[in-house]
Amino acid sequence: MYGLRRHKSMFLLPGLLTLLLIIIFPLLFTIRVSFSGWNVSSPQMDFIAGANYAAMLHDSRFWSAIMRLILLAGGTVLIQYVVGFGMALLVWRDVRGRRFWRVLFLVPMMTTPVVMAAIWQMIFHESLGPLNDLLGMLGLTKVAWLTESGPALIALMTVEVWQWTPFMFLLLLAGLLSLPKEPFMAAAIDGADVWRTFWKVTFPLMAPVSVAAVIIRLIEASKLSDSVYVLTSGGPGSSTETPGYYLYIQGLRDQQTGYSGAMSLTYLVLMIVTLTVVAAMLTRALKLKGHS
């Protein structure tokens with residue numbers, strides 16, 4: 001038995017070492033870069049201690065991007081969860097054309113984010129876009145969707161919701177299909193209506209899947225940058241910049257490699273801590289809901 005376990009471990013070892021190299025080497029290299037003055041004018045990785053971190057603490061643009069991401073990620077994931085749950089409930093039961101609706105709901109997720117953002121850029125175009133044409137037909141004032149800060153944030157949230165609600169729908173539908181039938185039979189025998197069955201049976205049973213789905217989407221939303229690049233390029237001004245896009249500006253466009261390394265590590269730690277706290281809070285809240 002011991003020899004069999006050892007042989008199994010040997011088969012797993014190459015994949016494990018590859019995974020560790022893929023994760024650990026870039027992380028260690030980024031830590032080294034973050035303590036250097038490596039940039040376009042100084043290509044050597046000279047050690048400058050914590051100068052990059054000190055500069056980052058006073059970089060209001062970076063911290064504004066983080067606060068903006070919290071707003072965008074929190075708002076979009078909440079909408080995705082509510083809409084995705086509704087879509088999943090719609091096709092969970094034996095409705096007519098259930099397979100067709102399941103495939104249709106997944107169509108936005110099948111398109112790459114950059115292509116989807118380019119399509120929405122045309123839709124949001126101030127003078128040529130069909131959205132403003134529709135507003136004009138309704139007698140409403142046209143909106144500068146991509147050149148004013150407020151409408152630009154709404155446009156970004158719209159694209160994210162459109163693109164990733166199907167993913168939330170897919171996870172929640174899988175959870176619904178795996179639920180046991182006995183609690184629903186007991187609720188029906190007790191005479192519970194649809195609404196009471198949802199709040200007392202369906203929603204509590206879906207708590208683990210709900211937490212997992214929300215956290216997965218928050219992780220993905222924390223990397224939001226491609227839609228920003230295509231739709232607004234961080235504008236107007238820097239009003240739609242996210243940390244991912246600001247890191248792109250500092251690290252790739254302006255080639256401030258050391259400074260971008262410090263920001264990326266700080267952002268990684270902040271996201272790990274934040275998501276851990278959010279996961280714990282959601283789990284606790286849903287458990288309390290299930291016991292109520």
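The values are calculated or read from the model by the stated rules, or taken from the named source; none is laboratory data. Remember, predicted model here, so these are calculated numbers, not experimental data. Don't worry about glycine lacking a Cβ; one is built from the backbone with ideal geometry, like all the others, and counts go over all protein chains shown. For accessibility, only protein heavy atoms count, side chains too; no ligands or nucleic acids. Shrake-Rupley method; radii C 1.70, N 1.55, O 1.52, S 1.80 Å.
Looking at the stretch 84-106, which of the residues that are open to solvent by less than 70 Å² (accessible area, probe 1.4 Å) and free of Cβ contacts under 8 Å to residues at least 60 places away in the same chain is nearest to residue 175 (Cα to Cα)? Lay out the reasoning, then the answer.
Going residue by residue through the stretch 84-106, those that are open to solvent by less than 70 Å² (accessible area, probe 1.4 Å) are 84-89, 91-92, 95, 97, 102, 105-106.
The next check asks that each one be free of Cβ contacts under 8 Å to residues at least 60 places away in the same chain; those that pass are 86, 95, 97.
Numbers: 86: 13, 95: 18, 97: 20 Å.
Filtering first and then ranking leaves 86.
Out of all the residues in the stretch 190-236, which are open to solvent by less than 30 Å² (accessible area, probe 1.4 Å), of a type in the set (Gly, Ala, Ser) and not in a helix (DSSP H, G or I)?
Selection gives 222, 234, 235.
For residues in the stretch 242-255 being hydroxyl-bearing (Ser, Thr, Tyr) and assigned to a helix (DSSP H, G or I), which is surrounded by the fewest Cβ atoms within 10 Å (Cβ to Cβ)?
248
Please list, ordered by residue number, the helices (runs of 4 or more DSSP H) wholly in the stretch 32-151 having 1 or more residues that are at pLDDT 90 or above, basic (Lys, Arg) and within 22 Å of the chain's Cα centre (by Cα).
Values: elements: 51-57, 60-92, 98-106, 113-123, 130-137.
Here the list reads 60-92.
Yes or no: residue 251 of a type in the set (Gly, Ala, Ser), in contact with a strand residue (DSSP E or B) (Cβ under 8 Å, 6 or more places away or on another chain) and closer than 30 Å to residue 28 by Cβ? Walk me through it before giving the result.
Numbers: of a type in the set (Gly, Ala, Ser): yes; in contact with a strand residue (DSSP E or B) (Cβ under 8 Å, 6 or more places away or on another chain): no; closer than 30 Å to residue 28 by Cβ: yes.
Considered against the rule, which asks whether it is of a type in the set (Gly, Ala, Ser), in contact with a strand residue (DSSP E or B) (Cβ under 8 Å, 6 or more places away or on another chain) and closer than 30 Å to residue 28 by Cβ, residue 251 comes out as no.
Just to be sure I understand, how many residues within the stretch 136-149 are touching a Ser or Thr at 6+ places or on another chain (Cβ under 7 Å) and open to solvent by less than 50 Å² (accessible area, probe 1.4 Å)?
1
Determine whether residue 258 is assigned to a helix (DSSP H, G or I), open to solvent by less than 20 Å² (accessible area, probe 1.4 Å) and farther than 24 Å from residue 165 by Cβ. Break it down into steps so the answer makes sense when it comes.
Working: assigned to a helix (DSSP H, G or I): yes; open to solvent by less than 20 Å² (accessible area, probe 1.4 Å): yes; farther than 24 Å from residue 165 by Cβ: yes.
For residue 258, the condition - assigned to a helix (DSSP H, G or I), open to solvent by less than 20 Å² (accessible area, probe 1.4 Å) and farther than 24 Å from residue 165 by Cβ - is met.
Checking residue 239 against (1) in a helix (DSSP H, G or I); (2) open to solvent by less than 40 Å² (accessible area, probe 1.4 Å), which test does it fail?
So the condition that residue 239 fails would be (1).
Say whether the condition of being within 30 Å of residue 184 (Cα to Cα) and not hydroxyl-bearing (Ser, Thr, Tyr) is met by at least one residue in the stretch 260-273. Please lay out each step first, then the result.
So in the stretch 260-273, the residues within 30 Å of residue 184 (Cα to Cα) come out as none.
No, that holds for no residue.
Please pick out the residue among 270, 282 that is open to solvent by 40 Å² or more (accessible area, probe 1.4 Å), under 22 Å from the mean Cα position of the chain (by Cα), at pLDDT 90 or above and closer than 30 Å to residue 150 by Cα.
270
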